[in-house]
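Inspection log for the structure reproduced underneath, given as structure tokens.
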Amino acid sequence: MKLDAGEVLRSLAMLVLAVPAVAAEPGIGERLLEGKRPALTVVISIDQFRADYLPRFADLFLPARQTDGKIGGFRYLMSAGSWFVNARYPYFPTFTCVGHAAMMSGAEPYVSGIVSNRWWDRETRADVYCVDDDRYRVVGAVSGSRAKPMGPRHLRSTTVGDELKLATNGAAKVVTLALKDRAAILMGGHAQDVSIWFDEVGGRWISSTAFARDGKLPAWVEALNAEAIPDRTLDTSWTASVSDAGLARAIPPPLKEEQTHGFGTRFPHRVGGEKTASNYFLFSLTPSANAFVFETARRAVVAEKLGQRRAPDLLAVNLSTNDYVGHVFGPYSPEVVDLTVQTDRELAGFLGFLEQAIPGGLAEVVIVLTSDHGVAPIPEDLQARDISGGRVAVNEILGAAEQALSAVFGGGPWVGSAADGRPVGAFVDPNLYLSQAAIDQALGSGRAVSREQIESVAARAVAALPGVYAAYTRSQLEQGALPDTEAAHRVARGFHPRVGGDVVVVAAPGFYPGIGGANTSHGSPWAYDVSVPILMAGPGIRSGIWFDPVSPTSIAPTLSLLLGISAPSGSDGTILEQALLKKR
């Protein structure tokens, strides 16, 4: 192929403009020896952001450096920093709680104890939410709020933020924020200074006394709540910003009006004018919600003086809107295309703000961008193209287990509810919990010879259901008797003996348990759910694209090295050495 000299020169010029020079920057070894630490570390988690979104939409993103000299968004980080294109979570399941615990603790579920968004408590015979914490009380909610006290009790590992607080005797500040409580809390951990999340009743930021220890929101948060920024989106519409040509790659999802929470099946999407929880939820489905989160992050940097002290600070931000939109419209929808492009614009604005707000600019700020999980295609999109996919009904899982166990061992009920109406067991994706009373009765009467036998009967029955790939028993997991497959290894790394189920159910590729009324979901061990981007930029980090298989659990130990602190207590990840500048 003949190369045009002009095109080559133009390409080289673009690279020079896009990628900051790093030749004079000290390597990681020199930085550590000289005691240099980033003034501020910023972790941005885009909820449900699959790895393929970056290359798939790259032509729609801002350039790394815009014509006015301002910093771009994704393409700036992709060129100025390290881009890991083969990052995959090494465990199952892939849910919000699990991912946010893993990325900042470096601990997989078998250590962290965060095995799903929810799990079953055998003693109370009730669901446990991953950040339920009744030791505390809600702070900042309005009358009528349904918010419950939240905290880090269930996280059995420290985080980067915890280790930073310990290493600096509390001098460093750790601030987290997200629309979702679970994302904010689990990114920051136990000792963070500020953690806030969004309450749809009232449309405002709230917290708990786990973090707002004096029972009050920080003054800057109260002031922001008083501005009622979400109210500006009420009685407005989300209209696509991407051209028709740009949206041509998208697949309008096969949805009915009742599947979109009243948001409409096509652009423009309307948010009602009344100040109701349902309209504030619709606000959270718009790009305006991401803009609100980034504006809150700006206020946090200024008010908390982040990056302006002798001790390094940490800010962790989650963009929950991308997950909400993905659940409704699916990963191939026009809505996901447009939201991703608008996220790029908001990211660029935030990076530009940091360049101005932090002494020394971005040369003193480490930026990490990643995601907690991906998402499956909408099953009907797959089926329309003769690709295997669908939903597995939870009642079918419970029914198959109950029928098989009753037929072999009698007794029961084994799952579901007892005569008093209270549940005796449950399926809390992906864990099936059997009735302890029924197990004890079967063993005591001699109808069963072992717990392993009981679990195996249930697992075989569930595994036979259409759309189920496999079902593994607690006994198999505890004995290390799983098949030598990648999926089974992921299951093992996601099982914690204190909170895991009796049977772990894995749906087949393209399938997922139909929980919560979502049009599509995530949680599987398959490529579309485990593959996420990792972008890192800042002092001590070199530019490059890396193809080696890595895990987002490596973010925590890598940040710990850059900060000169201990890796979190449960960290499994290895340092992302490809990203680090070596001695020159």
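The values are calculated or read from the model by the stated rules, or taken from the named source; none is laboratory data. The structure displayed is predicted, hence computed values, not measured ones. When we count neighbours, we look across all protein chains shown, and the Cβ atoms used for this are built from the backbone with ideal geometry, even at glycine.
With the requirement that a residue be part of a helix (DSSP H, G or I) and more than 17 Å from Thr370 (Cβ to Cβ), what does region 564-584 give you?
Listed by number, the list holds a single entry, Glu577.
Name every residue in region 166-195 that is touching a helix residue (DSSP H, G or I) at 6+ places or on another chain (Cβ under 8 Å) and of a type in the set (Lys, Arg), in order of residue number.
Of everything in region 166-195, those that are touching a helix residue (DSSP H, G or I) at 6+ places or on another chain (Cβ under 8 Å) and of a type in the set (Lys, Arg) turn out to be Lys180, Arg182.
Output the number of the condition that Arg156 fails; it satisfies all remaining conditions of (1) touching a helix residue (DSSP H, G or I) at 6+ places or on another chain (Cβ under 7 Å); (2) assigned to a helix (DSSP H, G or I).
(2)
Here is a yes/no grid of residues against (1) surrounded by 24 or more Cβ atoms within 10 Å (Cβ to Cβ); (2) under 22 Å from Ser569 (Cα atoms); (3) of a type in the set (Asp, Glu):
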site: Ser79; (1), (2), (3): no, no, no
site: Asn86; (1), (2), (3): no, no, no
site: Pro90; (1), (2), (3): no, yes, no
site: Pro93; (1), (2), (3): yes, yes, no
site: Cys97; (1), (2), (3): yes, yes, no
site: Ala102; (1), (2), (3): yes, yes, no
site: Tyr110; (1), (2), (3): no, yes, no
site: Trp119; (1), (2), (3): yes, no, no
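Can you work out which of the residues in region 558-573 that are more than 17 Å from Gly540 (Cβ to Cβ) and among the hydroxyl-bearing types (Ser, Thr, Tyr) is surrounded by the most Cβ atoms within 10 Å (Cβ to Cβ)?
Result: Ser571.
Quick check, is Ala442 free of Cβ contacts under 8 Å to residues at least 40 places away in the same chain, touching a helix residue (DSSP H, G or I) at 6+ places or on another chain (Cβ under 6 Å) and crowded, with 16+ Cβ neighbours inside 10 Å?
yes
Would you point out which residue out of Leu179, Leu186 is in contact with a Cys (Cβ under 8 Å, 6 or more places away or on another chain), under 16 Å from Asp372 (Cα atoms) and at pLDDT 95 or above?
Step by step, each of Leu179, Leu186 is checked, and only Leu186 is in contact with a Cys (Cβ under 8 Å, 6 or more places away or on another chain), under 16 Å from Asp372 (Cα atoms) and at pLDDT 95 or above.
Just to be sure before I move on: is Gly140 surrounded by fewer than 24 Cβ atoms within 10 Å (Cβ to Cβ) and either in contact with a helix residue (DSSP H, G or I) (Cβ under 7 Å, 6 or more places away or on another chain) or touching a residue at least 40 places away in the same chain (Cβ under 8 Å) (or both) in the structure I sent?
Answer is yes for this residue.
Helices (runs of 4 or more DSSP H) wholly in region 258-353 with at least 3 residues that are among the β-branched types (Val, Ile, Thr) and in contact with a strand residue (DSSP E or B) (Cβ under 8 Å, 6 or more places away or on another chain) - which ones?
287-303
When only residues in region 480-537 that are β-branched (Val, Ile, Thr) and part of a loop (DSSP other than H, G, I, E, B) count, which is farthest from Arg385 (Cα to Cα)?
This residue is Val499.
Of these, Ala418, Ala426, which one is out of contact with any Ser or Thr (no Cβ under 6 Å at 6 or more places or on another chain), assigned by TED's automatic domain parsing to the domain that holds Ala471 and modelled with pLDDT under 95?
Ala418
Of a type in the set (S, T, N, Q), surrounded by fewer than 18 Cβ atoms within 10 Å (Cβ to Cβ) and outside any helix (DSSP H, G or I): which single residue out of Ser388, Ser406 fits that description?
Step by step, each of Ser388, Ser406 is checked, and only Ser388 is of a type in the set (S, T, N, Q), surrounded by fewer than 18 Cβ atoms within 10 Å (Cβ to Cβ) and outside any helix (DSSP H, G or I).
Which of the strands (runs of 3 or more DSSP E) found entirely inside region 44-147 contain at least 1 residues meeting this: β-branched (Val, Ile, Thr), at pLDDT 95 or above and in the same structural domain as Thr553 (by TED's automatic domain parsing)?
Because the criterion is at least 1 residues that are β-branched (Val, Ile, Thr), at pLDDT 95 or above and in the same structural domain as Thr553 (by TED's automatic domain parsing), the strands (runs of 3 or more DSSP E) in region 44-147 that meet it are 82-88, 126-129.
Which one of these is buried (at least 18 other Cβ atoms within 10 Å of the Cβ), within 26 Å of the chain's Cα centre (by Cα) and in a loop (DSSP other than H, G, I, E, B): Leu217, Leu224?
Leu217
Out of the residues in region 227-257 that are assigned to a loop (DSSP other than H, G, I, E, B) and charged (D, E, K, R), state the one that is nearest to Tyr332 (Cα to Cα).
If we take residues in region 227-257 being assigned to a loop (DSSP other than H, G, I, E, B) and charged (D, E, K, R), then Arg249 is nearest to Tyr332 (Cα to Cα).
Residue under question is Ser554, and the condition is that it be more than 18 Å from Ala488 (Cα to Cα) and buried (at least 19 other Cβ atoms within 10 Å of the Cβ); does it hold?
The answer is yes for Ser554.
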